[in-house]
Amino acid sequence: MNDPPWARHGARVTRSALAVVERAARDAYARDEEACGYLTGPAGDPLLADEALELENLANKYHRADPEGHPRTGREYFKVNALRFERALGEGAAAGRPVKVFFHSHLDCGAYFSAEDAASMTLGGTGEPTYALAYLVTAVDRGEITAHRLFVWSGSERAFVDAPLEVVGE
């Protein structure tokens, strides 16, 4: 797996990018679902993430269409359009603004990297992460942002571990 600095050492996220994440998380909470999306930044400053883009959480649509096949709702997990996300990864890399962080929110349960999160990022927990990214989890409790935590993959621990998250500038 390609191992860029942000996937090993954490990230510096601008206040403006974090504000987009927080707005998305509060708005998704009002819809009773997790927010999800990604942060990009300049290739020349590997730990800086200065732009956040929200992705649609498709979990509720899948659940409504097939509740037996998709028993969990968007309140419990996120499901994104994989093709759109793959396209964003490729376009970001080509433009010199790689995707560095995947973000999602947790509703009324804190900011932690759940077993479900780990399974979804490692093809069911069978190996290393599908994407060499850092992962930001934002807690939304009773509609308010209460915490942010950043995680990266530790090959030696074979798990996602806490990583430094620094909020900077605008």
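Values for this structure:
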read-out: Criterion: in a helix (DSSP H, G or I) and under 16 Å from His148 (Cβ atoms) - qualifying residue of Ala7, Ala28; value: Ala28
read-out: Residue satisfying condition, being over 14 Å from the mean Cα position of the chain (by Cα), at pLDDT below 85 and of a type in the set (Val, Ile, Thr), within set Thr126, Thr146; value: Thr126
read-out: Complete set of residues in segment 134-166 that are surrounded by fewer than 13 Cβ atoms within 10 Å (Cβ to Cβ) and within 22 Å of Pro46 (Cβ to Cβ); value: Gly155, Ser156, Val161, Pro164, Glu166
read-out: Inter-residue pairs, beta-carbon under 6 Å, first more than 27 Å from Glu86 (Cα to Cα) and without any contact (Cβ under 8 Å) to a residue 60 or more places away in the chain and in segment 129-157, second of a type outside the set (D, E, K, R) and surrounded by fewer than 23 Cβ atoms within 10 Å (Cβ to Cβ), 6+ apart; value: Thr146/Ala139; Ala147/Ala111; Ala147/Ala139
read-out: Selection from segment 48-92 of residues that are assigned to a helix (DSSP H, G or I), modelled with pLDDT of 90 or more and among the polar types (S, T, N, Q); value: none
read-out: Whichever residue in segment 1-26 is among the charged types (D, E, K, R) and surrounded by 14 or more Cβ atoms within 10 Å (Cβ to Cβ) and, among such residues, is nearest to Tyr77 (Cα to Cα); value: Arg26
read-out: Filter pass, Ala134 being under 15 Å from Ala49 (Cα atoms) and modelled with pLDDT of 95 or more; value: yes
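The values are calculated or read from the model by the stated rules, or taken from the named source; none is laboratory data. These numbers were taken from a predicted model, which means no experiment stands behind them. Cβ: placed from backbone, ideal geometry, glycine included. Neighbour counts: every protein chain shown.
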